[in-house]
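Just below is one structure, and these are the notes that go with it.
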Amino acid sequence: MNTTRKQVLAVASGGGHWVQLLRLRPAFEHNDVTYMTTNADYGKDVASRLVTIADANLKEKLRLLRMFGEVLLHVVRLRPDVVISTGAAPGFAAIFFGRLLGARTIWIDSIANSEQLSVSGRFAKRYADVWLTQWAHLAHPDGPEYWGGVL
């Protein structure tokens, strides 16, 4: 059994994305976890380190650029072995930069995306080692895969 602790960066924006990420905490328990989110108040939810970044989306180009820069700085500083996200733009940025720096990457598209994958989820396809949907009918042979739901 490999007992080497991994550096895990777990990323989610606010609301449902954060709730879904917290549901995954048992999977991280034997590792060193840093959580990244857009809301500093979420620090009360985790005993691990928490870093905050700007929240942004495709409609807010300057904020999006700022958020990508903040994520890059944290990923370079933390050098995670694994990056996992439950969605949104901050998660995509972390998956993108994590992969470029050699981390294993896991994207879990939010359960809120029941009709089609999120925009970030579609972008994540190219950079995620594991690309998942929480809806069986959205899974395809070329991805994403369906392994069940978080909620």
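The values are calculated or read from the model by the stated rules, or taken from the named source; none is laboratory data. These numbers come from a predicted model, not from an experiment. Here the Cβ is made from the backbone with ideal geometry for all residues, glycine too, and neighbour counts use every protein chain on show.
Every test in (1) closer than 22 Å to MET67 by Cα; (2) part of a loop (DSSP other than H, G, I, E, B); (3) among the polar types (S, T, N, Q) is passed by THR3 save one, and that test is (1). When the criteria are applied in full, TRP107 meets the requirement of being closer than 25 Å to GLY149 by Cβ and assigned to a strand (DSSP E or B).
How many residues are acidic (Asp, Glu) and either free of Cβ contacts under 8 Å to residues at least 60 places away in the same chain or touching a Cys at 6+ places or on another chain (Cβ under 6 Å) (or both) when one looks only at the range 70-113? Step through it out loud before you land on a result.
Narrowing the range 70-113 to residues acidic (Asp, Glu): 70, 81, 109.
Then drop every residue that is not either free of Cβ contacts under 8 Å to residues at least 60 places away in the same chain or touching a Cys at 6+ places or on another chain (Cβ under 6 Å) (or both), which leaves 70, 109.
Adding up the residues that qualify gives 2.
Listed by first and then second residue, the pairs with beta-carbon distance under 8 Å, at least 6 apart or on different chains, first residue in the range 138-151 and closer than 12 Å to ILE108 by Cα, second small (Gly, Ala, Ser) and surrounded by 14 or more Cβ atoms within 10 Å (Cβ to Cβ), are PRO144/GLY121; GLU145/ALA139; TYR146/ALA139. Residues being out of contact with any helix residue (DSSP H, G or I) (no Cβ under 8 Å at 6 or more places or on another chain) and at pLDDT 95 or above are represented in the range 48-58 by at least one member.
Within the range 111-151, which residues are in contact with a Lys or Arg (Cβ under 6 Å, 6 or more places away or on another chain) and of a type in the set (A, V, I, L, M)? Scanning the range 111-151 gives a single hit, VAL150.
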